[in-house]
Amino acid sequence: MLKHLFWIMLFLSLAGKSTAQTVQVVKFDALDALLKSSSDTTYVINFWATWCKPCVHELPGFCKMDSMYKGQKIKLILISMDFVKDVHSHLEPFLKQKKMMNTVWLLNDPDYNAWIDKVDPSWGGSLPATLVFNNKMKKRTFHEEELTFEELNNTVKPYITAH
């Protein structure tokens, strides 16, 4: 009996240590709820795609920023604009290969005209695009370009020091 319990406990402990990334497929409503949130959390929302070279190039900076500010009221959400049909065949393998364990949503809402201005009225629709906001602080910053780690960190820093 103890032997069986040992194997069950070992299996359960290993099951929680998976390195596979799960992508949450969402409609714009999920993002809209964050955009309207009254939380004092600072959100860093990066719109990207695996087929976008500047997007892929800047991803390590976002991952570095995410680990640098662990334990603080900052939340990174990487919003993939890849095709939903490719989530298991392309997006998840990409994330696994890059060893990315960040929060990744795949936005399954192709009617861009209905929601793009809600993210930021100045957004022309190109990728990469990054929105940093904290509604409690009434602060928003939007970039429609590739960001270096230094540019990203300089954008995020004022939100952190204001807490």
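Within region 89-109, being assigned to a helix (DSSP H, G or I) and of a type outside the set (A, V, I, L, M, F, W, C) holds for Ser89, His90, Glu92, Pro93, Lys96, Gln97. Taken together, the residues in region 54-93 that are charged (D, E, K, R), surrounded by 18 or more Cβ atoms within 10 Å (Cβ to Cβ) and farther than 16 Å from Thr155 by Cα amount to 1.
Return yes or no: is Leu35 within 22 Å of Ser126 (Cβ to Cβ) and under 12 Å from the mean Cα position of the chain (by Cα)? Considered against the rule, which asks whether it is within 22 Å of Ser126 (Cβ to Cβ) and under 12 Å from the mean Cα position of the chain (by Cα), Leu35 comes out as no.
Of all residues in region 33-59, those that are assigned to a loop (DSSP other than H, G, I, E, B) and among the aromatic types (Phe, Trp, Tyr) have Cβ atoms under 8 Å from Cβ atoms of residues that are at pLDDT 95 or above and surrounded by 13 or more Cβ atoms within 10 Å (Cβ to Cβ), 6 or more apart or on another chain, in Trp51/Asp82. If the condition is being of a type in the set (Gly, Ala, Ser), at pLDDT 95 or above and over 28 Å from Pro93 (Cβ atoms), then region 24-73 contributes only Ala33.
Annotation: Glu150 fulfils all but one of (1) modelled with pLDDT of 95 or more; (2) surrounded by 12 or more Cβ atoms within 10 Å (Cβ to Cβ); (3) not in a loop (DSSP other than H, G, I, E, B); the unmet one is (2). From the list Ser80, Ser122, which residue is hydroxyl-bearing (Ser, Thr, Tyr), in contact (Cβ under 8 Å) with a residue 12 or more places away in the chain and closer than 15 Å to Val26 by Cα? One residue alone meets the criteria, Ser80. When restricted to residues that are of a type in the set (Lys, Arg), closer than 16 Å to Met100 by Cα and over 13 Å from the mean Cα position of the chain (by Cα), region 38-89 contains 1.
Which of the following residues is modelled with pLDDT of 95 or more and over 24 Å from Thr148 (Cβ atoms): Leu5, Leu107, Leu76, Leu14?
Details: Leu5 fails: modelled with pLDDT of 95 or more; Leu76 fails: over 24 Å from Thr148 (Cβ atoms); Leu14 fails: modelled with pLDDT of 95 or more.
The unique qualifying residue is Leu107.
Considering region 131-143, the residues that are touching an Asp or Glu at 6+ places or on another chain (Cβ under 8 Å) and in contact (Cβ under 8 Å) with a residue 24 or more places away in the chain include one that is nearest to Tyr69 (Cα to Cα), namely Asn134.
The values are calculated or read from the model by the stated rules, or taken from the named source; none is laboratory data. In this text, all values refer to a predicted model and were calculated from it rather than measured experimentally. Backbone-built Cβ (ideal geometry, glycine too); neighbour counts: all protein chains shown.
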